[in-house]
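Q: The structure follows.
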């Protein structure tokens, strides 16, 4: 085994140790010393492979984004992975599935979910984390664009399609006006993240009298994307 192979192997061990610690004890356990202990190496070893603590945490979070992409089918080839849909209804069905998958991941992997979005902890971790996290948001943005086309797609097409799709997309006039897809996607993501966090804290029962997130999820999707015709 070459020195480079050993280096890659130890990096992977450190990341795997961090992933395991997250599942067992949560974000607070991810000190350099504890990750090194979990990996079976000296407490100074992580510094040889990660310049900063934040870089190591970002590598662990990047692993989480990879798992989330797999869970949501975003790493698959073809339309499912690229989020390319031929109709607004297909895009809406796909986005509904992504939203439910996102909430399921948050419930099943609470420690990883917290780390992935703790930019106060990950600050200064560089472009690598952005590279692993942006595809999810870009996929959602493409789906939103398919459901609510931007106004600059042309009003004539929107007007022709408005009667067919206006009741499904919630736009009414079918012209695709309103905020750009990236803004809608960010707002939708913030709502989904809030639902996940409130459920994790046990706060939903205070507002709704129950623990089910489904009614709130449907309302969130309809508010951002329009109601789907029955």
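Q: Name the residues in region 179-212 that are outside any helix (DSSP H, G or I) and either under 21 Å from residue 146 (Cβ atoms) or at pLDDT 90 or above (or both), would you? Lay out the reasoning, then the answer.
A: Of the residues in region 179-212, the ones outside any helix (DSSP H, G or I) are 179-180, 202-203, 209-212.
179, 180, listed by residue number.
Q: While we're here: Take residue 168 and tell me if it is touching a helix residue (DSSP H, G or I) at 6+ places or on another chain (Cβ under 7 Å), surrounded by 16 or more Cβ atoms within 10 Å (Cβ to Cβ), modelled with pLDDT under 85 and in a loop (DSSP other than H, G, I, E, B).
A: Working: touching a helix residue (DSSP H, G or I) at 6+ places or on another chain (Cβ under 7 Å): yes; surrounded by 16 or more Cβ atoms within 10 Å (Cβ to Cβ): yes; modelled with pLDDT under 85: yes; in a loop (DSSP other than H, G, I, E, B): no.
No; evaluated as a whole, the condition is false for this residue.
Q: Exactly one condition in (1) at pLDDT below 85; (2) farther than 29 Å from residue 52 by Cβ; (3) touching a helix residue (DSSP H, G or I) at 6+ places or on another chain (Cβ under 9 Å) is not met by residue 78; state its number.
A: Unmet for residue 78, out of (1) at pLDDT below 85; (2) farther than 29 Å from residue 52 by Cβ; (3) touching a helix residue (DSSP H, G or I) at 6+ places or on another chain (Cβ under 9 Å): (3).
Q: A further question on this structure: Being at pLDDT below 90 and within 19 Å of residue 32 (Cβ to Cβ) is the requirement here; does residue 124 meet it?
A: Yes; evaluated as a whole, the condition is true for this residue.
Q: Taking region 8-63, which residues are touching a helix residue (DSSP H, G or I) at 6+ places or on another chain (Cβ under 6 Å), farther than 18 Å from residue 129 by Cα and outside any helix (DSSP H, G or I)?
A: If the condition is that a residue be touching a helix residue (DSSP H, G or I) at 6+ places or on another chain (Cβ under 6 Å), farther than 18 Å from residue 129 by Cα and outside any helix (DSSP H, G or I), then 26, 43, 45 are the ones that fit.
Q: Then there is this: Against the conditions (1) at pLDDT 90 or above; (2) surrounded by 13 or more Cβ atoms within 10 Å (Cβ to Cβ); (3) under 19 Å from the mean Cα position of the chain (by Cα), where does residue 132 fall short? Just the number, please.
A: Result: residue 132 passes all but (1).
The values are calculated or read from the model by the stated rules, or taken from the named source; none is laboratory data. Quantities reported herein were computed from a predicted structural model and do not represent experimental measurements. Cβ sites come from the backbone with ideal geometry, for glycine too, and all protein chains shown count toward neighbours.
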